[in-house]
Amino acid sequence: MTRFLTAVSAAAFLLVAGTATAQDFRALARTDLQAAHDALRDNHPAAVVPGAPGDTFRSWLDAGLTDANGRIGQVNSGDAHAYLLRYYAAGFRDSNIAITPSFEGMGPYFGINWPGIATGWRNGQYVVTYVKPGTRNAPRLGEIVVSCNLTPIEEYARGKLDKWEGNLDTEAGRVTSAPYLLWNRNNPFAAGTPSTCEFKRDARARPRAVELRPVPLVAGDLEAAYRATVYMPGATPLNVETVNSRPWVHVHSFADSAGWDAFNALVEGQAGALRAPAGFVLDLRAASGASAYTSTARGYGLANRIWTPEFTVSRQPAAGAITYRATPGNRTWYADTLGRMQADPRFVQEAGPVIVQTQEIVAAFDAAIAAGQQTFTLPGRAAVADTGAANPVQGPVVVLVDAGCSGGCLDTLDLLSKLPNVRIAGSTTATDTIFIEPTQARLPSNYSDLSYGHKAWTSRERPNGAPFTPAQGLVYVGNPADENAVRTWVGTLFGG
């Protein structure tokens with residue numbers, strides 16, 4: 001299914017608005033919150049499409065705005081403005097609803113102080129995963145966090161991380177936000193670095209209290225701590241190498257900027273090795289990122305280069321019925337997208353049917369709006385009968401995933417999981433929503449962008465908010481940041 005995902009970097013808000021007063025930030029936050037609420041109310045399909053997937057949206061839309069407005073008095077900086085807007089968007093529990101700063105800034109390794117410790121989410125617990133050398137009176141690696149500031153750790157984590165740093169209702173949200181548990185990320189709405197936490201060696205040991213003191217923050221510290229806890233890809237997200245005498249295909253990004261032309265040529269050049277009896281690894285860890293038109297097509301294109309289109313076409317999930325919210329705003333998005341498609345010579349050459357389909361959608365918007373309809377439904381691509389083509393891939397395939405696999409990566413797994421001799425291994429992926437193809441709009445402050453899915457894939461086989469979870473025996477329980485250990489474990493899945 002086509003995805004138009006948005007990857008907006010964080011904002012260096014204070015660099016742009018350094019002379020603004022605290023009251024300015026509060027006024028901007030109030031205006032942006034209301035604008036986001038109104039845009040979602042007026043355009044998001046969950047407001048009018050009945051059923052459980054929209055229940056959280058409808059229950060949070062107004063209640064969440066009231067909640068967020070009640071916190072505006074604490075907005076005292078650009079970071080606070082960004083955090084409050086993120087909180088409102090995250091309350092919808094919808095992976096395609098986001099409010100992100102419009103300028104580059106914080107990033108995943110940001111903090112204003114820390115106790116020299118990072119924690120990770122391991123087997124349902126927060127554990128110590130990194131201790132800066134020289135940190136005095138620190139807990140030991142692997143110790144379990146029991147409480148902080150006399151608050152049980154689950155309650156503490158909810159207040160510190162949930163909606164602010166990730167969705168703690170999901171495994172992926174736990175994993176990616178866990179390093180921030182003890183850090184101060186300049187969020188005035190949540191606790192900073194705790195003064196005291198309790199740790200224990202294992203489930204049977206007695207907890208011991210440890211006083212946590214901020215340590216000097218040196219450039220690179222937080223990145224090293226985060227990378228020691230959560231798998232983060234290197235500088236080359238797309239590549240093919242040989243590991244244990246079989247190809248290891250790296251796909252750690254679906255972004256246009258990842259270098260797809262060279263990578264696709266590399267895959268085509270090694271098609272013989274990929275189809276050989278030894279099998280291969282397709283590494284989709286941390287595979288996220290946005291494409292101008294469709295990130296899912298990147299994954300399907302890769303599968304077609306390995307398995308051939310003749311073999312995959314009958315196994316691609318049927319799109320089924322798609323429900324569109326018939327509003328002028330959503331119609332404008334499609335009309336603008338159509339214009340960009342038609343202005344791109346390469347897209348015109350390679351994706352003519354997509355342009356025709358988009359023209360038909362714009363016409364359907366016009367008809368529905370003229371008729372006063374709230375929604376309209378169009379059929380998607382129907383299932384294709386098995387062509388009888390032989391499977392060109394002779395060996396076993398291990399698809400390696402983790403919490404960073406999101407968006408188009410999940411759609412790609414919808415296809416890969418239907419191919420013979422393919423096993424999904426690693427750890428639980430991110431979740432995604434049936435409300436897809438995000439619209440992006442600049443909010444009134446000019447410092448934040450709102451994105452939201454404007455159509456509903458109500459017939460999708462995989463339920464709303466469902467991740468991919470490897471089956472028993474295919475779950476990696478070691479340190480995800482220890483690449484040698486990961487590769488050794490993957491080798492055992494081939495009988496090595």
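In the stretch 91-115, of all residues being outside any loop (DSSP other than H, G, I, E, B) and touching a Lys or Arg at 6+ places or on another chain (Cβ under 8 Å), the one that is nearest to LEU222 (Cα to Cα) corresponds to THR100. Within the stretch 358-376, is there a residue that is under 30 Å from ILE306 (Cα atoms), under 32 Å from the mean Cα position of the chain (by Cα) and open to solvent by 60 Å² or more (accessible area, probe 1.4 Å)? Scanning the stretch 358-376 turns up no residue that is under 30 Å from ILE306 (Cα atoms), under 32 Å from the mean Cα position of the chain (by Cα) and open to solvent by 60 Å² or more (accessible area, probe 1.4 Å). Of all residues in the stretch 303-325, at least one satisfies being open to solvent by 50 Å² or more (accessible area, probe 1.4 Å) and farther than 26 Å from SER406 by Cβ.
Can you work out which of the residues in the stretch 442-460 that are within 20 Å of the chain's Cα centre (by Cα) and not in a strand (DSSP E or B) is nearest to THR332 (Cα to Cα)? The qualifying residue nearest to THR332 (Cα to Cα) is TRP457.
When you go through PRO420, PRO463 one by one, which is the residue that is at pLDDT 95 or above, assigned to a loop (DSSP other than H, G, I, E, B) and open to solvent by 10 Å² or more (accessible area, probe 1.4 Å)?
Numbers: PRO463 fails: at pLDDT 95 or above.
Criteria check complete, one pass: PRO420.
Being open to solvent by less than 40 Å² (accessible area, probe 1.4 Å), in contact with a helix residue (DSSP H, G or I) (Cβ under 6 Å, 6 or more places away or on another chain) and over 20 Å from ALA290 (Cβ atoms) is true for just one of GLY395, GLY491, GLY478. Which residue is that?
Numbers: GLY395 fails: in contact with a helix residue (DSSP H, G or I) (Cβ under 6 Å, 6 or more places away or on another chain); GLY491 fails: in contact with a helix residue (DSSP H, G or I) (Cβ under 6 Å, 6 or more places away or on another chain).
Answer to the check: GLY478.
Quick one: which of ALA228, ALA203 is hydrophobic (A, V, I, L, M, F, W, C), touching a residue at least 12 places away in the same chain (Cβ under 8 Å) and open to solvent by 60 Å² or more (accessible area, probe 1.4 Å)? So that I can check it myself, show each step before the final result.
Details: ALA228 fails: open to solvent by 60 Å² or more (accessible area, probe 1.4 Å).
Testing whether each residue is hydrophobic (A, V, I, L, M, F, W, C), touching a residue at least 12 places away in the same chain (Cβ under 8 Å) and open to solvent by 60 Å² or more (accessible area, probe 1.4 Å) leaves just ALA203.
With the structure loaded, tell me whether THR387 is open to solvent by less than 30 Å² (accessible area, probe 1.4 Å) and either within 17 Å of the chain's Cα centre (by Cα) or not aromatic (Phe, Trp, Tyr) (or both) or whether it fails that test. For THR387, the condition - open to solvent by less than 30 Å² (accessible area, probe 1.4 Å) and either within 17 Å of the chain's Cα centre (by Cα) or not aromatic (Phe, Trp, Tyr) (or both) - is not met.
Only one of (1) buried (at least 18 other Cβ atoms within 10 Å of the Cβ); (2) in contact with a strand residue (DSSP E or B) (Cβ under 9 Å, 6 or more places away or on another chain); (3) more than 19 Å from VAL215 (Cβ to Cβ) fails for ASP169. Which number is that? Exception for ASP169: condition (1).
The C-beta contact set for the stretch 317-335 (first residue part of a loop (DSSP other than H, G, I, E, B), second residue modelled with pLDDT of 90 or more and of a type in the set (Phe, Trp, Tyr), distance under 7 angstrom, 6+ apart or interchain) comprises ALA326/PHE365; ALA326/PHE376.
Of all the listed residues (ASN43, ASN69), the sole one being open to solvent by less than 50 Å² (accessible area, probe 1.4 Å), touching a helix residue (DSSP H, G or I) at 6+ places or on another chain (Cβ under 8 Å) and free of Cβ contacts under 8 Å to residues at least 40 places away in the same chain is ASN69. Just one of the listed residues (SER253, SER245, SER257) is within 19 Å of the chain's Cα centre (by Cα), open to solvent by 30 Å² or more (accessible area, probe 1.4 Å) and among the hydroxyl-bearing types (Ser, Thr, Tyr), and it is SER257.
Could you grab me the full set of residues in the stretch 128-140 that are assigned to a strand (DSSP E or B) and more than 29 Å from ALA82 (Cβ to Cβ)? Walk me through how you get there before you give the answer.
The first filter runs over the stretch 128-140 and keeps only residues assigned to a strand (DSSP E or B), leaving 128-131.
Correct list: VAL131 only.
Confirm whether ALA118 is at pLDDT 95 or above, out of contact with any Cys (no Cβ under 8 Å at 6 or more places or on another chain) and part of a strand (DSSP E or B). Spell out the reasoning first.
Values: at pLDDT 95 or above: yes; out of contact with any Cys (no Cβ under 8 Å at 6 or more places or on another chain): yes; part of a strand (DSSP E or B): yes.
In short, yes.
The values are calculated or read from the model by the stated rules, or taken from the named source; none is laboratory data. In this text, all values refer to a predicted model and were calculated from it rather than measured experimentally. Cβ: placed from backbone, ideal geometry, glycine included. Neighbour counts: every protein chain shown. SASA here: full protein model, heavy atoms, side chains in, ligands and nucleic acids out. Shrake-Rupley method; radii C 1.70, N 1.55, O 1.52, S 1.80 Å.
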